[in-house]
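Written below as structure tokens is the structure these notes are about.
The values are calculated or read from the model by the stated rules, or taken from the named source; none is laboratory data. Quick caveat, the model's predicted, so the values are computed rather than measured. Virtual Cβ from ideal backbone geometry, glycine too; neighbours counted across all protein chains shown.
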Amino acid sequence: MKEKQLNEILIKNLQYYFDRKGITQTDMARDLNFPETTVSNWMKGNTYPRPDKLQMMADYFNIKRSELTEEKPTNLIEINQDLVKIPVLGAIACGDPILAEENIIGYTYEVADTLPSGTVFALKAKGDSMEPTIPDGAIVLIRQQANIECGEIAAVRVNDDSEATLKRVKRQGETLFLMPDNPKHSAIIITEKNPATIIGKAVSFKVTL
């Protein structure tokens, strides 16, 4: 495929996802820390992004890289949906508000009508402790709340760790247990010497291939 054709496909696909998410190329450049002139040159067909930049944009839109670089089928029917931008959190600095700018590592987009009420954010699952329920790498939607029913999955910060862990909450009397769904892992017992802070309830997750 010729370079000009590759550029045209990329421009068309990027514009499609800009429109779908209700953002501009300037918004994406800011969110991904790309120079605006670089993105502008891509959209004018002057230059073509490196593979790592293509992957960053694909992750940003929660799509496969091929959905940016390959021509889309012509028989698709677009369904308009109101999408909202949900922050994905990384390390959560102690004492900071949960949604402080320095805690945000990216964004995911969700259909507004499917979201619970209240403050919502997302975490990226790390490791296999919650498999098979939640696979490694899944984007998990969290509703911020301090109280969790027994048996529900919560995002919990243990012993002031900067990153929250996803575990199923169980109680026996006054003792709180953070239970993995994967039997290869051990439960975390919450004590005065090993305190925990529940920051929210897991409500859904999604995985991209």
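So here's what we get for this one:
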item	result
Residue in the stretch 165-182 that is assigned to a strand (DSSP E or B) and under 30 Å from Ile23 (Cβ atoms) present	yes
Yes/no for Met43 being more than 20 Å from Gly106 (Cβ to Cβ) and touching a Leu at 6+ places or on another chain (Cβ under 7 Å)	yes
Of all residues in the stretch 41-72 being touching an Asp or Glu at 6+ places or on another chain (Cβ under 8 Å) and small (Gly, Ala, Ser), the one that is surrounded by the most Cβ atoms within 10 Å (Cβ to Cβ)	Ala58
Scan of the stretch 36-53 for residues that are in a loop (DSSP other than H, G, I, E, B) and farther than 13 Å from Glu8 by Cβ, ordered by number	Thr47, Pro49, Arg50
Matching residues, the stretch 1-50, being farther than 21 Å from Lys64 by Cβ, modelled with pLDDT under 90 and among the acidic types (Asp, Glu)	Glu3
Only one of Gly151, Gly137, Gly118 that is at pLDDT 90 or above and exposed (fewer than 14 other Cβ atoms within 10 Å of the Cβ)	Gly151
In the stretch 161-209, residue nearest to Phe61 (Cα to Cα) [restricted to those that are modelled with pLDDT of 90 or more and in contact with a Gly (Cβ under 8 Å, 6 or more places away or on another chain)]	Arg168
